[in-house]
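The values are calculated or read from the model by the stated rules, or taken from the named source; none is laboratory data. Predicted model, so just to flag it, every value in this text is computed and none were measured. Here Cβ is always computed from backbone atoms with ideal geometry, including for glycine, and neighbour counts include all displayed protein chains.
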Amino acid sequence: MDIRELQGYATFFMTIVFVLVLYWYIVYLYRSEKKGEKDYEKLGNIALDDEIDSKPINSSNPISNDKKERNK
Amino acid sequence: MFHWLEKNPFFFAVGVFLVIAFAGLVEILPNFAEASRPVAGLRPYTVLELAGKEVYKKDNCIACHSQLIRPFKAETDRYGQYSLSGEYAYDRPFLWGSKRTGPDLHRVGNYRTTDWHENHMWEPTSVVPGSIMPAYKHQFTNTADIATAYAEAVTVKNVFHVPYGDDIKAGEKAFDAYKPKILAEAKKVADQMKNKDVKDMVAAGKVPEVVALISYLNSLGRSRYEANKVK
Amino acid sequence: MQSNAALEYDYTIAKLYTYTAILFGFVGMLIGTLIAAQLAFPDLNYLLGEYGTFSRLRPLHTNVVIYGFTVSGIFATFYYSAQRVLKVSMAESKFIMFVGKLQFFLYLIAATAMVITELMGYTQSKEYAQMEWPLDLLIVVIWVLWGVAMFALIGIRREKALYISMWYFIACFLGVAMLYLFNNMAVPTYFTSGGVGSIMHSVSMYSGTNDALVQWWWGHNAVAFVFTVPIVGMIYYFLPKESGQSVYSYKLSLLSFWGLMFVYLWAGSHHLLWSTVPDWMQTMGSIFSVVLILPSWGSAINMLLTMKGEWNQLTENPLIKFMVLASTFYMLSTLEGPIQAIKSVNAIAHFTDWIPGHVHDGVLGWVAFMIMAALFHMAPRMFKREIYSKKLIEAQFWLQTTAVVLYFTSMWIAGITQGMMWRAVDEYGNLMYSFIDTVTVLHPYYAIRALAGVLFVTGFVMFAYNMIKTMTSSRELSEEPQFKSPMA
């Protein structure tokens, strides 16, 4: 198989893979919201509530939470 | 399953990189060997022509002139045979341009003469009434940088195996030994010109930019082929 | 930090880049207007001797507006908004502050050197990659420093989720890094020839068709990763913040992001239609350019819908006007681009003035409008003063909108006229026009375009004056505004 042919197959399959991954991602986005695991729309508030001492929308970092406590 | 992608900036960056690098890998890499082969009989640029190419780049002629004839009847009627990939094998960088405020120049050597270029570079409207191209009078007094052009020839010969003769080799001494050939070539062009300053400069062993540029422009087209080399 | 109470966002670097954005914006647009006028009135070519011809100034115009104005705008908005969406101050890390300052210092050196070397004629003659190798190396350092500052800030963030703007800034960083490196691969001739000739000179690693492919893979995606990706990132932060409305659909913004990332890179070869690159690549470029409408419009529509139910703000707040018009121009140019990438349309459009026309409705209407709106939004927060004059912003808005419309309409007509005349044949199949006929016919359109340039620069001067007045003599604010920027 010469490089041209290999290139052709690689393009074709990779494009399909990427498309599938993208659609899978769409399903994932909606499903995880439905199940209540995630709330993506809430993330939009990061831009609105962006004071340095406002509470992070999504914080799992114990250190910064700790700082927050001391801040009060 | 996409959780890690959204949370971890490192994985995210890797993901983005893979997605954007994919197109480049597929489109560009595998074609390299094939597209850089010269067409049969194509000769490399002479050092004087390379110096002219530097002038072409320096005064940025590609802002208004393309060097790419597309395969349409209107273009082949106007400029000559459409361009082939192998004709550009010695062009580093490629000078196709992206805008034709002026006409295409890929085969300008086939239908313009030294004399025409001299008049045109001095005062474009004298040969093309209505032209909006500026005059490039400074090219008649500036000296072309033949040393750098020579260095380019040495580089492409050693690094990219462009078929130059054995007399093109590294070092100041080799350049000094080669210089008379460049000057002789420049004199042939200057002999067909009428500008006094240009003739004086060439006689004094210097190459005006316009001489190098005209030599380059004359090379575009038929005389790029070994068999048709202008003697 | 000893005292958390005193912790504030640190805008030192953002301010510095704001100054350079204003300076380079003015210089770049002024040169642009001059060269536009030169096409209509060739006598203007002789103002600066050999340094003032159209050909010498044209790359200077593109480089100053791209690497001076736009990149300054990107850095300014990044150093401003990244702190805020990550909820971490640059003042918290001496290291990040140092990197930021060093980056700005080197940037200033590189930008100055760029202007000087290009005027002198040192150029690789590859579009938007004119700078010679010593400058390229300096730019790599600057870019790496930006990456260091970016990832260091991300490393110490309090907000764990990365806001969508940050996604776009990261993509900008990675994309430009990859493309710039590959396109500028060159061998300096001084070192390979045993010290003959100029030290500045280099030859490209690629030749002919390959060089063209790599160049337009870069050239097209410089548009993607400098003029689109970070600007989308900007609007995702500044429009919601200025209007107080959160993004219409956050999920849509995520999807358009990945769509854009995947599709954009493929479209590069649409600059090389009907050239000597392999046919399948041209077709690929053409198809993906059309597909590109989807993610682009995804972002643009998302922005417009963010204003749903709040359209009254459009009449009350001129900054919203700027941003909404910017998204509209984004939609226009991302529709126009794919149309030009269709092979049969491209046969007429390529090499004509329609192409600069298309570029400018994008860069003037979308990029410049968005950057100016962002800087206006940042000014009251950075300088703690209200914006100097609302009336002036309104006037500037209408002046510049008129300018953009004049620009692209005149270039549409010019481009199509030119494209049709080049291929027009008489009843015997002979070409009807000599080349010069197709040049002289364009004079009125070139004159209109020059006028558009004058209007746009005038608007930019109003912007600069307004900003300077805001920095120095406007009324001081006691506390930071939450959403709408206060203006007198």
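Things to note:
- Filter pass, C:P380 being touching a Ser or Thr at 6+ places or on another chain (Cβ under 6 Å), surrounded by fewer than 24 Cβ atoms within 10 Å (Cβ to Cβ) and at pLDDT below 95: no
- Applying a threshold of 6 Å to beta carbon distances and a minimum spacing of six or more residues, or different chains, the list of pairs starting in segment C:40-53 at a residue that is within 9 Å of chain B (Cβ to nearest Cβ) and ending at one that is not in a helix (DSSP H, G or I) reads C:P42/B:I132; C:N45/B:P134; C:N45/C:T53; C:T53/B:P134.
- In segment C:198-269, counting only helices (runs of 4 or more DSSP H) that sit wholly within it, the ones holding 1 or more residues that are in contact with a strand residue (DSSP E or B) (Cβ under 8 Å, 6 or more places away or on another chain) span C:208-222.
- Here C:K484 meets each of (1) of a type in the set (K, R); (2) farther than 16 Å from C:G357 by Cβ; (3) assigned to a helix (DSSP H, G or I) with one exception, condition (3).
- Unique match (being in contact with a Leu (Cβ under 6 Å, 6 or more places away or on another chain) and either in contact (Cβ under 8 Å) with a residue 12 or more places away in the chain or closer than 21 Å to C:A37 by Cα (or both)) among C:M421, C:M467, C:M462: C:M462
For (1) under 21 Å from C:S198 (Cα atoms); (2) of a type outside the set (D, E), each residue gets a yes or a no:
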{"position": "B:N142", "(1), (2)": "yes, yes"}
{"position": "B:D145", "(1), (2)": "yes, no"}
{"position": "B:T148", "(1), (2)": "yes, yes"}
{"position": "B:V159", "(1), (2)": "yes, yes"}
{"position": "B:D167", "(1), (2)": "yes, no"}
{"position": "B:D176", "(1), (2)": "yes, no"}
{"position": "B:G205", "(1), (2)": "yes, yes"}
{"position": "B:G221", "(1), (2)": "no, yes"}
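- Hits in segment B:95-134 - residues which are facing another protein chain (nearest Cβ under 8 Å), farther than 19 Å from C:Y433 by Cα and of a type in the set (A, V, I, L, M): B:L95
- Tally, over segment C:147-163, of residues that are of a type in the set (G, A, S) and within 12 Å of chain A (Cβ to nearest Cβ): 2
- Residues of segment A:26-51 classified as out of contact with any helix residue (DSSP H, G or I) (no Cβ under 8 Å at 6 or more places or on another chain), assigned to a loop (DSSP other than H, G, I, E, B) and surrounded by 13 or more Cβ atoms within 10 Å (Cβ to Cβ), total: 1
- Qualifying position, being in contact (Cβ under 8 Å) with a residue 24 or more places away in the chain, out of contact with any helix residue (DSSP H, G or I) (no Cβ under 8 Å at 6 or more places or on another chain) and of a type in the set (G, A, S), among B:S66, B:S98, B:S83: B:S66
Residue by residue, here is whether (1) assigned to a strand (DSSP E or B); (2) within 27 Å of B:K73 (Cβ to Cβ); (3) aliphatic (A, V, I, L, M) holds:
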residue: C:I371; (1), (2), (3): no, no, yes
residue: C:H377; (1), (2), (3): no, no, no
residue: C:E394; (1), (2), (3): no, no, no
residue: C:I416; (1), (2), (3): no, yes, yes
residue: C:W422; (1), (2), (3): no, yes, no
residue: C:Y446; (1), (2), (3): no, no, no
residue: C:L455; (1), (2), (3): no, no, yes
residue: C:A464; (1), (2), (3): no, no, yes
residue: C:M467; (1), (2), (3): no, no, yes
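- Subset tally (residues that are closer than 21 Å to C:L179 by Cα, within 12 Å of chain B (Cβ to nearest Cβ) and not in a loop (DSSP other than H, G, I, E, B)) for segment C:271-294: 7
- With a requirement of 1 or more residues that are crowded, with 20+ Cβ neighbours inside 10 Å, within 12 Å of chain C (Cβ to nearest Cβ) and not aromatic (F, W, Y), the helices (runs of 4 or more DSSP H) lying completely within segment B:168-222 that satisfy it span B:209-219.
- Count - residues of segment C:155-188 that are β-branched (V, I, T), closer than 27 Å to B:P93 by Cβ and over 25 Å from the mean Cα position of the chain (by Cα): 1
- The lone exception for B:T76 - which of (1) surrounded by fewer than 21 Cβ atoms within 10 Å (Cβ to Cβ); (2) assigned to a loop (DSSP other than H, G, I, E, B) it fails: (2)
This table checks each residue for (1) at pLDDT 95 or above; (2) under 25 Å from B:I69 (Cβ atoms); (3) among the aromatic types (F, W, Y).
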residue	(1), (2), (3)
C:T401	yes, no, no
C:S410	yes, no, no
C:I413	yes, no, no
C:M421	yes, yes, no
C:D426	no, yes, no
C:V441	yes, yes, no
C:L451	yes, no, no
C:R475	no, no, no
C:F483	no, no, yes
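Yes/no per residue for (1) buried (at least 21 other Cβ atoms within 10 Å of the Cβ); (2) of a type in the set (G, A, S); (3) at positive phi; (4) touching a Gly at 6+ places or on another chain (Cβ under 6 Å):
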| site | (1), (2), (3), (4) |
| --- | --- |
| C:Y19 | no, no, no, no |
| C:L39 | yes, no, no, no |
| C:Y46 | no, no, no, no |
| C:G52 | no, yes, no, no |
| C:L60 | yes, no, no, no |
| C:N63 | yes, no, no, no |
| C:I66 | no, no, no, no |
| C:G73 | yes, yes, no, no |
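- Qualifying residue in segment B:121-140 (condition: buried (at least 23 other Cβ atoms within 10 Å of the Cβ) and in contact with a Lys or Arg (Cβ under 6 Å, 6 or more places away or on another chain)): no
- Those helices (runs of 4 or more DSSP H) of segment B:1-65 in which 3 or more residues are more than 8 Å from every other protein chain (Cβ to nearest Cβ) and at pLDDT 85 or above occupy B:9-27, B:47-58.
- Boolean, C:S434 is under 23 Å from the mean Cα position of the chain (by Cα) and farther than 30 Å from C:E479 by Cα: no
- Any hit, segment C:322-339, residues being surrounded by fewer than 20 Cβ atoms within 10 Å (Cβ to Cβ) and free of Cβ contacts under 8 Å to residues at least 24 places away in the same chain: yes
- When residues in segment C:13-43 are screened for being in a helix (DSSP H, G or I) and more than 23 Å from the chain's Cα centre (by Cα), 5 of them pass.
- For segment C:209-232, the count of residues that are surrounded by 20 or more Cβ atoms within 10 Å (Cβ to Cβ) and free of Cβ contacts under 8 Å to residues at least 12 places away in the same chain is nonzero.
Residues checked against (1) away from chain B (no Cβ under 14 Å); (2) over 22 Å from C:V214 (Cβ atoms); (3) of a type outside the set (A, V, I, L, M, F, W, C):
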residue	(1), (2), (3)
C:G100	yes, yes, yes
C:F104	yes, yes, no
C:I109	yes, yes, no
C:A113	yes, yes, no
C:E127	no, no, yes
C:P134	yes, no, yes
